[in-house]
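I have placed the structure first, in the form of structure tokens, so that the comments after it can refer back to it.
Read-outs throughout are calculated quantities, based only on the coordinates presented, and are distinct from any laboratory measurement. Just so you know, these numbers come straight off a predicted model, no measurement behind them. A quick note on method: Cβ atoms are made from the backbone with ideal geometry, for glycine too, and the neighbour counts reach across all protein chains shown.
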Amino acid sequence: MASPKLQSALQQAANSSDKSSAYTQILGDLTQSTFGNSDEQASSLIAYVDALSSSSLGIISTKPLLTSLIQALASTPSHVKVKVGAHIADNLQNQTASFEEQNATVRDILATGYEEEEDWSKAAQALQGIHLESTQRQVPDLVKVQTWVRIVRCYLEDDDTVSAETALNRIKNSTGALQVLEDSPELQLHYRLSQARILDSRREFLNAAAEYLNVSFSRAVAEEDRLQALSAAIKTAILAPAGPPRSRMLGKLYKDERSTETQEYGILEKMFLDRLLSSEEVDAFAGSLAPHQLALTADGSTVLSKAVLEHNLLAASKLYDNISTAALAEILGLKDSKDGTAAERAEDYAARMIEQGRLRAEIDQIDLVIRFEAVSGLPFTGEAKDLRLWDMAVLGVVEDVERYAESITEAFPDLSAEAMVSG
């Protein structure tokens, strides 16, 4: 509650013949005075706002007073920013058209107060109350993009990806905003990183990995942050569904010289080289993942366990020409469950990957055997496959002999010349 002295001054200002000067004097005294604590400061400023709102001053006289008050609010503690800023925003809600500039400024300050207190969703909501598409004032595209990006980042801090994506779409759907991104590397970086985080949370891991990788190349980011973005790219690539697109992304990441500096390099190398992953390696990797990356899928497994299972199935296809479903289930670490025996579950996983074009194999449901494609385009069994494999083996031997002969020629040129003359 405001002090009796302030209440008396406000009453005298309301009855003054020169109200504008009287309120200006009070505001000057308020901004220059030393308050006992932030609650007293907030109470005094709120009392001033209420007195100004109920006064008979017109819009033209009220605007500069309100502008001065809002400017003074910017340098107050976060608690005062939030309490007084929210009060002013509420007061202006029904007359925004007359005070658009003041509404925009106070909401920006209010959002800053919420950010300082780490109340991210309220900060985003405060910013969303700013009229960016207004006929009353011209808002530059740069300011629009800065505001939208800030809203997106606030929502992402609270893991509200649905609201963040809605704000991000405002940028995507604005031609002027896209041009601003072209001209501003810093804003483009924030945009790309926000997009990556949204894709990541929606489990579009392959697209998220591509965005994180792009961020990791940006020179506008500190070296440590670039390495963190690369690490995020590796994590999301590993979590992506097994198949050719993921293999290409893993190849890019594995060949990046910086990858050896990340904690995920060991599992990345095994993934890229199609080696089987042990449960210990998977558990260690799981400890570095975010909660949404460990969420359960529709079949009760986690995103990670499903990605590893599919990877190990592909790795098995590189080691074996054929394998029984029971042996495959043992390699994949599957157990009997209400959904079927371990062998049946292994068959289901393989069938799904074959159907989606991510595994070249055929399933013999009578003998309970899965046969993997040895050579692209060849049948899985039969004389044609055996002949082609024989031809390839012979070709391999011939190529090895030719390679060794060239090595001998390069190492002993004189001996090779004598052999040609004597021949």
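Here are some notes:
- Relative contact order (%) - criterion: Cα under 8 Å, at least six apart; region: segment 191-288: 21 percent
- Rh (Kirkwood; distinct C-alpha pairs) - segment 137-207, Å: 12.2 Å
- The slack between Ile354 and Asp160, meaning 0.36 nm per residue of separation minus the straight C-alpha distance, is 66.3 nm.
- Calculated from the structure at hand, volume of the Cα convex hull per residue in Å³ is found among (1) 147; (2) 241; (3) 158 as (2).
- Residue-averaged 222 nm ellipticity for the chain, from DSSP H runs of 4+ at -39500 (n - 2.57), nearest 500: -22000 deg cm²/dmol
- A protection proxy built from the mean count of other Cβ atoms within 10 Å ranks the segments 264-270, 208-214, most packed first, as 208-214, 264-270.
- Sorted by Cβ density within 10 Å, fewest first, the residues Phe217, Phe205: Phe217, Phe205
- Lys/Arg +1, Asp/Glu -1 at C-beta; segment 1-130 dipole; positive extreme among Gly113, Leu6, Gly129: Leu6
- Nearest-ten-degree value, helix 38-54 long axis tilted from longest Cα axis of the chain: 60 degrees
- Added length on full extension, which subtracts the Cα-Cα distance from 0.36 nm per residue, Ala393 to Ala298: 29.7 nm
- Ranked list, fewest to most other Cβ atoms within 10 Å of each Cβ, for Glu115, Glu355, Glu186, Glu344: Glu355, Glu186, Glu344, Glu115
- The Cβ shell under 13 Å around Ile46 holds other residues with a net charge of -2, Lys and Arg each +1, Asp and Glu each -1.
- Virtual spin-label span in nm between Arg203 and Asp321, 7 Å along Cα→Cβ: 3.8 nm
- Gyration tensor verdict on segment 1-78 (Cα atoms; rounded if a/c is under 1.5, prolate if a/b is larger than b/c, oblate otherwise): oblate
- Rounded if a/c under 1.5, otherwise prolate or oblate - segment 1-130, Cα gyration tensor axes: oblate
- Proportion of all alpha-carbon pairs of segment 312-351 beyond 11 Å (%): 58 percent
- Environment charge of Gln95, counting only residues whose C-beta is closer than 13 Å and scoring Lys/Arg +1, Asp/Glu -1: -2
- Considering only alpha-carbon pairs that sit under 8 angstrom and 6 or more positions apart, the relative contact order computed for the chain is 6 percent.
- Between Gln11 and His131, the modelled labels are 3.7 nm apart [label points 7 Å from Cα along Cα→Cβ].
- R0 of 35 Å, Cβ-Cβ distance Glu281-Glu373: FRET efficiency to nearest 0.05: 0.80
- By the count of other C-beta atoms within 10 Å, a proxy for reagent exposure, Thr62, Thr260, Thr409 are ordered fewest to most as Thr260, Thr409, Thr62.
- Difference of contour (0.36 nm per residue) and Cα-Cα distance, Asp364 to Gln179: 61.0 nm
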